[in-house]
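Enquirer: Dropping the structure in here first, questions after.
Laboratory data are not the source of any read-out in this text; all were calculated from the coordinates shown. In this text, all values refer to a predicted model and were calculated from it rather than measured experimentally. Backbone-built Cβ (ideal geometry, glycine too); neighbour counts: all protein chains shown.
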Amino acid sequence: MNISRAKRKGLDKRVKGMVKFKEKLEFHTSLRVGGEAEYFVVPECYTDIKESIAFAKQLHLPWVVIGNGTNILFPDGGYRGIVIKIGPGLREKERRGNLLRLQAGESLSRVIGYLREQEFNDFDFLVGIPGTIGGALAMNAGIPEGTISDLVTQVKALTDEGELVILKKAGCGFGYRRSLFQKNRLIIVEGEFKLGGGRDWNIAELFERRRRQPRGLPSPGCVFKNPADYEISAGELIDIVGLKGYKIGGAAVSTQHANFIVNRGGASCVDILRLIDLIRTRVYKEFRVDLELELEIIFN
Ligand code: EPU
């Protein structure tokens, strides 16, 4: 499928939001890695998402949804289908009393600012997490003391048939960095949250913790989940096996926090995959712990 054929098929006519062809995915992932997306859509309404998926189905193309790209790795060869970026086009916020409705494309940091203006601190513990609401819900983002699922009451999602469904929190399969949205073809478009939980977060301490994490170089944040029922965190395990600072090509284990992989410049997807492999092998050899990826790797 080449670009002119895609244009003839008129994806750009069917979608109100931005449509690009051959878009570099390194611009849309915090790791700054990935080849080109054959089609790249930034929807402005739910119909745009439906149309993009319908188009993909007609042409037998794969499709994938991303948010801010903070937890995603695309192959160097890119993505031969449609990447749907739920971001700036879907950022509505609405608060009615203690209920807050957020569209999936809004960023966590903007929500924290918006709520602080109204003297709500419920989202404060998510400070420093760079994702969108949709991404944070899908990953159940958080810190050891709490996750976004503590606040959510229900999620509105689109099925791949284009039907809007509402899932109550109990039906969302939330677990540690997990939800049913990761495995199912359900696209989060909105979340509803209950405010006023009254938990007082120590903002200075939360900021201090974030300051200890790597900044400056492109990175997806924590690459591995902390192992369940094991007293040592992933970062500490990788640190103990001596891999802090270890480099493969342009990729390296951060010298500040061993559960972060950073792109020192020009890292390829292959560099990162090799580093991941090495880390898992070393940690398994020494501790018999099988580190599970938090980073999502997208294959065609
Ligand atoms: N540690 C080391 N060496 C390292 C890194 C950490 O010894 O290189 C030790 C620390 O000293 C500490 C322990 O490991 O005793 C845990 O480290 P840290 O407090 O940094 O927390 P974490 O478990 O590595 C978790 C989340 C982070 C979140 C922080 C906030 C996971 C996998 N990670 O990190 O979330 O920002 O807590 O406190 O659950 C993410 O999910 O992407 C993420 C970055």
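Enquirer: In what order do L164, L295 fall by count of nearby beta-carbon atoms within 10 Å, going from fewest to most? Write out the running numbers ahead of the final one.
Expert: Details: L164 13, L295 18.
With the sparsest Cβ surroundings first, the list reads L164, L295.
Enquirer: First check a/c for the stretch 27-87, with a ≥ b ≥ c the square roots of the eigenvalues of its C-alpha gyration tensor; if it is under 1.5, answer rounded, and if not, answer prolate when a/b is larger than b/c or oblate otherwise. Spell out each step's value before the answer.
Expert: Working: a/c = 2.83, a/b = 1.38, b/c = 2.05.
Note, shape of the stretch 27-87 comes out oblate.
Enquirer: Here's a follow-up. Only Lys, Arg, Asp and Glu count, each charged at its Cβ (+1, +1, -1, -1), so figure out the dipole size of the stretch 1-92 about its Cα centre, rounded to 20 debye.
Expert: Using only the charged Cβ atoms, the result is roughly 380 debye.
Enquirer: Starting from 0.36 nm per residue, how many nanometres of slack lie between R116 and A170 once their C-alpha separation is accounted for?
Expert: Working it through step by step, the gained length comes to 16.7 nm.
Enquirer: Counting other Cβ atoms within 10 Å of each Cβ, which GluC sites (Glu not before Pro) in the stretch 228-300 have at most 11 and sit in a DSSP loop?
Expert: Numbers: sites: E231, E236, E286, E292, E294, E296; in loops: E231, E292, E294.
Sparse-neighbourhood loop GluC sites (Glu not before Pro): E231.
Enquirer: A further question follows. With 31 Å as the limit, write out which pairs from K93/K183; K50/K194; K20/K225; K20/K156; K16/K156 have Cα-Cα distances beyond it, or answer none.
Expert: Values: K93/K183 27 Å; K50/K194 28 Å; K20/K225 34 Å; K20/K156 27 Å; K16/K156 21 Å.
Table pairs above 31 Å Cα-Cα are K20/K225.
Enquirer: Determine the sum of side-chain charges near D150: Lys and Arg each +1, Asp and Glu each -1, restricted to other residues whose C-beta is under 12 angstrom from that of D150. Could the numbers behind the result be given before it?
Expert: Working: positive: K169, K194, R199; negative: D122, E145.
Cβ neighbours under 12 Å give a net charge of +1.
Enquirer: Per 0.36 nm of contour for each residue apart, how much would the distance between D12 and D124 grow if the chain were fully extended, relative to their Cα-Cα spacing? Kindly include the intermediate steps, with their values, before the conclusion.
Expert: Values: separation 112, 0.36 × 112 = 40.32 nm, distance 3.86 nm.
Taking D12 through D124 to full extension adds about 36.5 nm, to one decimal.
Enquirer: A follow-up question, please. Let me check I've understood the local charge: for R264, count other residues with C-beta under 15 angstrom from its C-beta, Lys and Arg +1, Asp and Glu -1. What total comes out? If you can, show how the numbers build up before the last one.
Expert: Numbers: positive: R32, R215, K244, K247, R274; negative: E26, D271.
With Lys, Arg at +1 and Asp, Glu at -1, the neighbours total +3.
Enquirer: What number, rounded to the nearest 500 deg cm²/dmol, is the helix-based mean residue ellipticity at 222 nm of the chain, given -39500 (n - 2.57) per DSSP H run of at least four residues and division by all its residues? Please list the in-between numbers first.
Expert: On the way: 8 runs with 76 residues, N = 300.
Rounded to the nearest 500, it is -7500 deg cm²/dmol.
Enquirer: Moving on to the next point. What is the order of L237, L180, fewest Cβ neighbours within 10 Å to most? Don't skip to the end; give the middle numbers.
Expert: Details: L237 24, L180 16.
Result, fewest neighbours first: L180, L237.
Enquirer: For the chain, give the magnitude of the charge dipole about the Cα centre (Cβ charges: +1 Lys/Arg, -1 Asp/Glu; no others), in debye to the nearest 20.
Expert: On the way: 45 positive and 37 negative charges, 185 e Å.
So the dipole magnitude of the chain works out to roughly 900 debye.
Enquirer: So which chymotrypsin sites (Phe, Trp or Tyr not before Pro) in the stretch 108-184 end up in coil per DSSP with only 10 or fewer other C-beta atoms within 10 Å? Walk me through the intermediate numbers first.
Expert: Values: sites: Y114, F120, F123, F125, F174, Y176, F181; in loops: F120, F123, F174, Y176.
Here no loop site has a sparse enough neighbourhood.
Enquirer: If a/c stays under 1.5 just call it rounded; otherwise compare a/b with b/c (prolate if a/b is bigger, oblate if not). Do that for the chain, with a ≥ b ≥ c from the square roots of the Cα gyration tensor eigenvalues.
Expert: Numbers: a/c = 1.87, a/b = 1.12, b/c = 1.67.
It is oblate, given that a/c is not under 1.5 and a/b is not larger than b/c.
Enquirer: Moving on. Tell me the label-point distance for the pair T281, R210, using the 7 Å Cα-to-Cβ offset, in nm and rounded to one decimal.
Expert: So the label points at T281 and R210 sit 3.7 nm apart.
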